[in-house]
Amino acid sequence: MTAKKYQFLLESFLDEKLSVSDFETRYLAVFKAEPQGMSPDIFKILDQLFADVDAYSPYCSPDQENSFRISEASLRKRASLALKELEKLLAKH
């Protein structure tokens, strides 16, 4: 998947065109299937988001979060930050 497609996936999630469940399923599947050769800068952003998506729990509220479980609100914040970082990198190329 190209960086632009990840950008579209993130935008769809943040614009609520994808449910959190659909985003979680798609992002994890796409990232796991990603072939080698991605830019290290882009990989760093997407790999951190992978960890965030993996830590998401639909049963976790913000006051129950820890290093291994985050709420939907936190996932949305982290996805937004990842999108901004990704857009900065894409603007350079």
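The table for this structure:
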read-out	value
Two-decimal log10 I(q)/I(0) for the chain, as the Debye equation yields it once each C-alpha is a single scatterer, q = 0.11, 0.17, 0.19, 0.20 Å⁻¹	-0.29, -0.69, -0.86, -0.95
Fraction of accessible area attributable to carbon and sulfur, the chain (%, probe 1.4 Å)	52 percent
Top positive-direction residue, dipole computed over the chain with Cβ charges, set Pro58, Leu14, Gln36	Gln36
Accessible surface ranking that places the most exposed of Asp15, Asp63, Asp47 first, with a 1.4 angstrom probe	Asp63, Asp15, Asp47
The chain, dipole about Cα centre (Lys/Arg Cβ +1, Asp/Glu Cβ -1), debye to the nearest 20	300 debye
Within straight-line cross-link reach of Lys17, lysines at Cα separation under 22 Å, skipping those fewer than 8 residues along the same chain	Lys4, Lys5, Lys77, Lys84
Residue-averaged [θ]222 nm for the chain, counting only DSSP H segments that reach four residues, each worth -39500 (n - 2.57)	-22000 deg cm²/dmol
Surface per residue (accessible, 1.4 Å probe) for the chain, Å²	64 Å²
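The values are calculated or read from the model by the stated rules, or taken from the named source; none is laboratory data. None of these values were measured; they are calculated from a predicted model. Note: ideal-geometry Cβ built from the backbone for every residue, glycine included; neighbour counts use all protein chains shown. Accessible surface areas use protein heavy atoms only, side chains included; no ligands, DNA or RNA. Shrake-Rupley method; radii C 1.70, N 1.55, O 1.52, S 1.80 Å.
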